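What follows is one structure encoded as structure tokens, with my remarks underneath.
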Amino acid sequence: MSTSAPVLADPAVIAKYEPVIGLEVHVQIGTRTKIFCACPTGFGAPPNTNVCPVCLGMPGALPVLNRRAVEMAVQAALALECRINPYSRLARKNYFYPDLPKGYQISQYDQPLAGHGGIEILTGGSPKRIGITRAHLEDDAGKSIHDGFSDSDRYTYVDLNRSGTPLIEIVSEPDLRSSSEAYDYLTALKEILQFIGVSDCDMEKGNLRCDANVSVRLRGAPRFGTKAEVKNLNSFRFLKAALDYEIARQVAVLEGGGTVVQETRLYNPDTGETVSMRGKEHAHDYRYFPEPDLAPLRISPEWLEELRSAMPELPARRRRRFLADYGLREYDAGVLTQSRDLSDYFEQAAAAAGDPRLAANWIMGDLAGLLKHAGKEIADSPVSAAHLGELLSLIARGSVTSKLAKEILPRMFESGEGPHAIMEREGLETITDSGELERIVAQVIAANPKQVEQYRGGKASVLSFFMGQVMKATRGQADPAAVTGLLKEKL
Amino acid sequence: MSLESLTVARIRAQLLSRERSAVELAREALQAAEQGNQATNAFITISPERALEAAQRVDQRIARGEDPGPLAGVPVAVKDVIVTKGVRTTCGSRILKDYIPPYDATAVERLEAAGGVIIGKTNCDEFAMGSSNENSAYGPVRNPKALDRVPGGSSGGSAASVAQGTSVVSLGSDTGGSVRLPASFCGCVGITPTYGRVSRYGLVAFASSLDHIGPFGRNVRDAAALLQAIAGRDPRDATSAAAPVEDYAAAMNGDVRGLRVGLPREYMKGLPAETGALIYRAVDELTRLGCSIHEINLPHTEYAIACYYIIATAEASSNLARYDGVRYTTRAKDSGTLASMYRNTREEGFGAECKRRILLGTYVLSHGYYDAFYLKAQRARALIARDYAEAFREVDLIAGPVSPTPAFQLGEKTADPLEMYLADIYTVTGDLAGVPCMSVPCGETAEGLPVGLQIIAPHFQEGRMLRLAEAYERAVRR
């Protein structure tokens with residue numbers, strides 16, 4: 001490499017190159033117990049308390065595969081449109097590390113659970129399909145703690161609570177062409193996995209972790225460049241920053257007349273740089289071989305079908321259905337399918353209201369405002385979807401004006417009661433008694449002879465004046481349509 | 001009264017008639033083990049506390065008028081590769097010299113639930129790697145039948161203890177012949193059940209796809225009683241079989257007339273004359289019992305040793321990775337870095353044979369060699385298993401030698417690992433195929449050294465195998 005070359009290339013130079021990125025994402029599967037033993041998977045327990053002979057790697061202990069972890073991994077793979085292999089194998093990945101108690105990780109190698117999938121992402125406003133090479137099951141290691149103890153200068157401590165936590169590793173094709181695409185892909189992946197309830201994807205708890213394979217090539221070049229693997233991209237911000245750094249670094253190397261070295265690099269969030277961890281010549285030989293303690297994993301067609309039918313509808317499909325069945329606007333359908341809770345809420349409220357577009361407006365408008373103000377999620381909304389639907393059905397039927405409903409909703413939000421209870425208590429019933437309304441209309445007409453004359457003289461706009469007067473007299477409780485009808489009749 | 005004359009059935013009768021208590025018997029056994037150990041070094045750890053507690057439970061059950069269990073009060077020795085909660089389990093290795101397991105192996109739980117009394121942990125080759133019991137960090141075991149000779153390995157201590165009369169039955173483990181070879185060398189009965197018949201949970205792994213726990217006894221019925229107690233599905237071992245467990249005592253009451261017994265040509269040709277003569281004499285006895293003898297072929301036998309030493313070492317290199325100095329392993333002192341802690345711990349902790357097999361196994365799994373070695377060995381293994389499947393279409397059982405020679409001298413083969421490996425030539429195929437097999441004594445050489453007859457059965461046909469072994473044993477003792 002040329003010694004005078006800058007470490008990072010300029011944006012104008014980078015633009016001549018096309019980055020090629022693939023992501024390896026590790027996601028914790030949200031089972032209650034670990035993948036090979038019955039220890040709980042909870043986060044935050046005192047160190048080395050959620051452990052047993054199996055996840056401690058005690059001599060003689062044996063793994064037994066958690067059925068639920070398999071089921072959730074299959075569902076995750078289905079959501080990523082993967083083909084599920086009817087026969088797959090667990091395999092040992094051998095390496096030494098203090099927080100790896102067995103001296104090997106139980107993973108999958110040449111016969112993974114699933115593969116040949118892909119997801120559609122929205123990037124720069126347009127859709128793009130990103131291929132998923134494979135998705136496989138594995139167990140997590142423990143955690144090495146290098147700091148914070150009085151003797152941390154000499155010792156590393158190990159917490160094995162995480163050891164044996166079920167993971168699914170999702171490997172993408174090298175289909176990503178920028179750090180933003182990588183960001184959008186990871187976002188989409190996270191949304192899907194959260195949506196189907198396989199994982200909370202909480203990056204802070206380490207439940208979603210990401211490594212990237214990055215290379216660059218001159219735009220139009222037929223072949224991929226030499227790639228580097230960048231590790232430790234454990235937040236969305238780091239992912240983008242690390243990829244941008246690595247892309248600029250590789251371009252600078254090439255522009256300086258050098259060659260990119262195939263190696264593993266570690267991202268350091270403090271400096272924002274990637275640094276070489278180990279070169280190709282020091283690459284681990286993991287000596288994979290089939291795990292003899294576990295039988296091959298067979299997914300029968302019946303089991304697969306059972307799991308498929310138990311899956312919630314995926315966001316993309318639901319979005320399409322919302323457009324087609326409910327006539328929602330594209331934007332609204334997108335917002336309402338961002339989370340499973342929100343879209344479930346919408347569907348319930350829309351059904352109860354009998355008017356999906358009205359439900360969409362209220363959920364994204366007034367209700368969203370109330371929730372935001374109270375710092376609550378839709379799942380914790382004090383106004384149930386049924387109650388909101390009830391209120392909206394009153395609007396749709398003309399029993400309550402929108403204006404009145406806007407007063408009722410905050411009270412429902414406060415008390416958790418349904419609309420009828422509040423209207424009854426506060427005397428907010430819409431006047432539907434036509435005799436009473438007729439009397440009020442007659443009063444208003446009698447009290448404003450000048451405007452009556454104007455109206456009769458052809459000034460139709462005066463009607464809204466009368467409407468306002470009637471509403472004032474009824475404190476907004478009159479049905480506007482009924483009032484209009486009556487006014488026209490009497491005038 | 002010596003333990004040597006006791007059987008499982010006789011102990012039960014004595015306890016039930018209150019002729020003696022389980023605690024008295026346990027004390028005698030513990031004392032015998034202490035004394036006997038001076039001659040044979042069969043035990044690494046003797047466990048009086050655990051033994052007396054178990055014996056007390058048996059006595060209490062009898063006092064309450066409850067059934068004390070099929071192994072009531074029976075002194076049992078357990079190979080030191082099978083974990084015992086609170087009782088040191090070394091695997092014959094320096095690297096685990098202070099390891100106290102926090103849990104019991106399933107087989108241990110089950111044999112104690114049946115009333116068995118564990119008196120101690122027996123010596124063995126380090127991590128069950130060896131054919132002579134000379135690879136123990138705790139010294140070799142001496143053959144009680146000839147103290148200058150090896151007891152066979154790797155379960156040498158378990159076989160020696162039973163043969164010597166310091167226990168009545170014992171547990172060993174068999175990966176390539178480690179139960180049958182010492183049974184043959186020490187003149188007792190040793191059973192390697194079908195793979196999956198007895199849970200491996202708590203058996204410290206050497207080669208997971210080949211490891212079996214198996215019982216020893218001085219007679220077939222005693223060994224079968226121990227097998228009965230420990231056999232059966234265990235949810236903690238994913239490779240344990242759900243197939244129902246036969247009533248072995250009942251199976252042994254059946255008739256052996258008409259059983260078709262195969263004699264593998266590959267085993268008999270080239271067999272040293274003295275061993276050959278004893279095996280043929282045993283086969284004649286089987287004929288007298290009404291069995292028909294058929295020559296059969298197991299054509300892939302010649303690949304068995306190579307195949308075995310690839311698969312077993314590959315798995316071992318992975319299974320032994322956990323002994324790294326981080327947790328329970330005895331950690332080498334004064335290691336400045338993580339890498340040097342690993343290196344020093346394993347350099348100091350493992351013996352030569354373990355290191356040799358870890359290196360071999362690491363090599364055969366390495367990138368670029370996997371297909372040529374490991375995968376090819378797996379294909380050979382499938383062919384060996386097919387040999388058995390095809391043979392068992394023609395015959396009900398197979399009989400043959402356990403080993404080409406009787407017990408050899410201590411130190412005789414330690415210089416030549418390959419010659420040592422060949423002691424397992426007739427036993428590894430059974431492990432590779434996962435079929436049940438056993439050794440039953442069939443006489444002695446001119447020097448008075450015991451020789452075992454091997455009987456091999458189709459998967460889960462332990463009952464048939466035991467029936468023939470028991471009928472043969474009864475016939476030759478008459």
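Taken together, the values in this text are just the output of simple stated rules run on the coordinates, not laboratory data. For clarity, every value in this text was computed on a predicted model and none was experimentally measured. Here the Cβ is made from the backbone with ideal geometry for all residues, glycine too, and neighbour counts use every protein chain on show.
Tabulated data
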{"item": "Coarse-grained scattering of the protein assembly as shown at q = 0.05, 0.06, 0.08, 0.10 Å⁻¹, given as base-10 log I(q)/I(0) from a Debye sum over alpha-carbon atoms", "result": "-0.45, -0.59, -0.86, -1.12"}
{"item": "For segment B:263-397, alpha-carbon Rg and Dmax in angstrom", "result": "21.9, 70"}
{"item": "Hydrodynamic radius by Kirkwood, which averages 1/r over all alpha carbon pairs of segment A:243-389, in angstrom", "result": "20.8"}
{"item": "Ellipsoid equivalent to segment B:419-478 - semi-axes via the Cα gyration tensor, in Å", "result": "21, 20, 4"}
{"item": "Antiparallel content of DSSP bridges confined to segment B:1-136, in %, to 5", "result": "45"}
{"item": "Segment B:3-251: antiparallel DSSP beta bridges as a percent of all, rounded to 5", "result": "65"}
{"item": "Segment A:128-283: mean projected area of Cα convex hull, nm²", "result": "11.6"}
{"item": "Which of A:Ala442, A:Phe466, A:Ala481, positive extreme of dipole for segment A:434-490 (C-beta unit charges)", "result": "A:Phe466"}
{"item": "Relative contact order [Cα under 8 Å, 6+ residues apart], segment A:153-248, whole percent", "result": "24"}
{"item": "Whether segment B:348-416 is rounded, prolate or oblate, judged on the alpha carbon gyration tensor where a/c under 1.5 counts as rounded", "result": "oblate"}
{"item": "Cα shape, segment B:28-117, gyration tensor, a/c 1.5 rule", "result": "oblate"}
{"item": "Relative contact order (%) - chain A, alpha-carbon pairs under 8 angstrom, separation at least six", "result": "15"}
{"item": "Positive-pole candidate from B:Tyr342, B:Tyr374, B:Leu320, dipole of segment B:309-401, charges at beta carbon", "result": "B:Tyr342"}
{"item": "Compactness of segment B:3-251, expressed as Rg and Dmax over alpha-carbon positions, Å", "result": "16.1, 48"}
{"item": "DSSP-loop trypsin sites (Lys or Arg not before Pro) across segment A:460-489, with at most 12 other Cβ within 10 angstrom", "result": "A:Arg475"}
{"item": "Qualifying trypsin sites (Lys or Arg not before Pro) for segment A:169-237 [loop in DSSP, other Cβ within 10 Å: at most 12]", "result": "A:Lys205, A:Arg219, A:Arg223"}
{"item": "Segment A:226-283: radius of gyration and largest Cα-Cα distance (Dmax), Å", "result": "11.3, 33"}
{"item": "Helix-only [θ]222 nm of the protein assembly as shown, DSSP H runs n ≥ 4, -39500 (n - 2.57) each, per residue, nearest 500", "result": "-12000 deg cm²/dmol"}
{"item": "Among A:Met277, A:Ile145, A:Gly258 - extreme Cα towards positive end, dipole of segment A:11-302, charges at beta-carbon", "result": "A:Gly258"}
{"item": "Total charge dipole magnitude, segment A:86-218, about the Cα centre, Cβ charges on Lys, Arg, Asp, Glu only, Debye to nearest 20", "result": "440"}
{"item": "Hull volume in cubic angstrom per residue (convex hull over the Cα atoms of segment A:132-211)", "result": "130"}
{"item": "All-pairs alpha carbon distance profile, chain B, 20 Å steps from 0, percent", "result": "27, 59, 14, 0"}
{"item": "Translational diffusion coefficient (Stokes-Einstein; Kirkwood radius from C-alpha pairs) of segment A:332-400 at 10 °C, 1.306 mPa s, in µm²/s", "result": "135"}
{"item": "Kirkwood hydrodynamic radius of segment A:335-462, Cα pairs, Å", "result": "16.5"}
{"item": "Long-range HN-HN contacts of B:Thr45 with modeled amide H, under 5 Å", "result": "B:Lys121"}
{"item": "Percent of Cα pairs exceeding the 18 Å cut-off, where the set is segment A:434-490", "result": "21"}
{"item": "For segment B:377-429, convex hull volume per residue from C-alpha positions, Å³", "result": "77"}
{"item": "Lys, Arg +1 and Asp, Glu -1 on Cβ, resulting dipole of segment A:168-293 about Cα centre, debye, nearest 20", "result": "480"}
{"item": "Cα-based convex hull, segment A:1-160, per residue volume (Å³, whole number)", "result": "227"}
{"item": "√(5λ) per eigenvalue of the Cα gyration tensor, segment B:204-307, largest first, Å", "result": "29, 23, 14"}
{"item": "Sequence-distant lysines (8 or more away, or on other chains) whose Cα lies within less than 19 Å of A:Lys34", "result": "A:Lys93, A:Lys102, A:Lys143, A:Lys205"}
{"item": "Relative contact order (%) - criterion: Cα under 8 Å, at least six apart; region: segment B:1-119", "result": "29"}
{"item": "Coarse-grained scattering of chain A at q = 0.06, 0.08, 0.13 Å⁻¹, given as base-10 log I(q)/I(0) from a Debye sum over alpha-carbon atoms", "result": "-0.43, -0.67, -1.24"}
{"item": "Estimated dipole of segment A:11-302 in Debye, rounded to 20 [Cβ of Lys and Arg +1, of Asp and Glu -1, Cα centre]", "result": "480"}
{"item": "Descending semi-axes in Å of segment A:11-302, equivalent ellipsoid built from Cα gyration tensor", "result": "32, 24, 18"}
{"item": "Amide proton proximity set for A:Ile29, modelled H, under 5 Å, gap of 5+", "result": "A:Leu167, A:Ile168"}
